[in-house]
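Report on one structure; see the data block that follows.
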Amino acid sequence: MPVYPKERITAIVKKIPEEIKDRLFCFMGDIYLCEEIARQVIKRITSTKKVSAETIPAEEITAERLAEGLYQTGLFHKEKLIWIKNASKLDFLDSKKIKKIPHYLILTLSEGTKVPSFLKDEALFIDLTLRPHEKETWTVHFMQSFLQRVNKRISPAAQKLLVRYIGFNLGILKNSLQMLLNYIGEREVIEEQDVTELIIPTKEEGIFVLAEKLTNAPVEDVLFLLKQLLEQGVHPLAILSVLAKEVRCLMEIKEIIQQKTLSLTSYNQFIKTAYPLIKKENLVYLKGLPPYVIFLFCQRAQKYSLAVLKAIHQQLLLAEIAMKSTSKNAFYHLEMLVLFWCEAREWQ
């Protein structure tokens, strides 16, 4: 199969499944673009055929689970569709079996994933990797088209500030625009002041993803992301600073949760009952954060005891002292911190 350029996405999707008979699809590059086209393909297939769809996160997939999913059908659907999301390794694929799959398989791959030749030969493959000079163009285009659909606009100053705050991350941009639309209500134009008041600068979003992964992701995934960030030139102390903010926010909200016995079953319930109580507290690290961000901290904090968070914080201080005393071995100290954090989250 040829490798299609991202500019042909719309034309390709329109041909599925009437003209394109492929059952194996592979999209690699920007996460948001990969997932967006995957959803379009799934919608296109399931609108014309009785197909049962299943989404499996990459960290949960194995060769055995894939084989079980691809070679079994349900009671009400003759065909199945499996979507494996955000894979960075493809060791679960069998080069011989992949040529004879009886159902649909969609793979969305992280940027830079090594794609074996047999997969490129068999799959409808689209490279959605954006080069540096393309990123700003795609960001502005996405922003304008998103707002045009709801008859809204953004001022040039607000647009420039939003791009500076977020950098290139279409998923974060979409969420930020939705927050801004809710914030401005009936107003037609998003102004610079709206961005300043509502949006948190997240240009180094990868560091924040690292901080979130420390709560739930396998230690191998966390270390892989840490290595990627350092290879991209992110300063080790910048990573440490975000991790320090993460654990201090978790400690602060954990203490409030324990004192107030807050209800955190859903975001709507949080807004009605917990958030008004949190706002009354003399916040330090959580001060000025949007309600939804605080809600996410609440959810992550529930996975730790306060004693564990204090132990992680102590280890972080030791890493900070070591890293500031010498510029050497920064990766080692961060790696040791990550290993300690991932082990500590299992403590009772």
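Tabulated results
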{"read-out": "Boolean, residue 252 is modelled with pLDDT of 85 or more, surrounded by fewer than 16 Cβ atoms within 10 Å (Cβ to Cβ) and either farther than 20 Å from residue 319 by Cβ or among the charged types (D, E, K, R) (or both)", "value": "no"}
{"read-out": "Options 186, 231, 281, 246; residue that is of a type in the set (Asp, Glu), outside the structural domain of residue 340 (by TED's automatic domain parsing) and free of Cβ contacts under 8 Å to residues at least 40 places away in the same chain", "value": "186"}
{"read-out": "Any hit, the range 84-103, residues being surrounded by fewer than 18 Cβ atoms within 10 Å (Cβ to Cβ), assigned to a strand (DSSP E or B) and at pLDDT 80 or above", "value": "yes"}
{"read-out": "Every residue from the range 19-32 that is modelled with pLDDT under 80 and either in contact with a helix residue (DSSP H, G or I) (Cβ under 9 Å, 6 or more places away or on another chain) or within 16 Å of residue 90 (Cβ to Cβ) (or both)", "value": "20, 22, 30, 31, 32"}
{"read-out": "Conditions (1) outside the structural domain of residue 32 (by TED's automatic domain parsing); (2) in contact with a helix residue (DSSP H, G or I) (Cβ under 8 Å, 6 or more places away or on another chain): number failed by residue 103", "value": "(1)"}
{"read-out": "Residues that are in contact with a strand residue (DSSP E or B) (Cβ under 9 Å, 6 or more places away or on another chain), buried (at least 16 other Cβ atoms within 10 Å of the Cβ) and more than 18 Å from residue 88 (Cα to Cα), drawn from the range 38-52", "value": "41, 42, 45, 46, 51, 52"}
{"read-out": "Test: residue in the range 60-79 that is within 15 Å of residue 31 (Cα to Cα) and outside any strand (DSSP E or B)", "value": "no"}
{"read-out": "Residue ID - farthest from residue 172 (Cα to Cα), chosen from residues in the range 284-295 that are free of Cβ contacts under 8 Å to residues at least 60 places away in the same chain and out of contact with any Phe, Trp or Tyr (no Cβ under 8 Å at 6 or more places or on another chain)", "value": "284"}
{"read-out": "Unique residue being touching a residue at least 60 places away in the same chain (Cβ under 8 Å), under 21 Å from the mean Cα position of the chain (by Cα) and closer than 29 Å to residue 227 by Cβ when the list is 130, 119", "value": "130"}
{"read-out": "Scan of the range 121-164 for residues that are out of contact with any Phe, Trp or Tyr (no Cβ under 9 Å at 6 or more places or on another chain) and of a type in the set (Ser, Thr, Tyr), ordered by number", "value": "129, 137, 145, 155"}
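The values are calculated or read from the model by the stated rules, or taken from the named source; none is laboratory data. Here the structure is a predicted model, which is why all the values come from computation and not from measurement. Please note: Cβ atoms are built from the backbone with ideal geometry, for glycine as well, and neighbour counts cover all protein chains shown.
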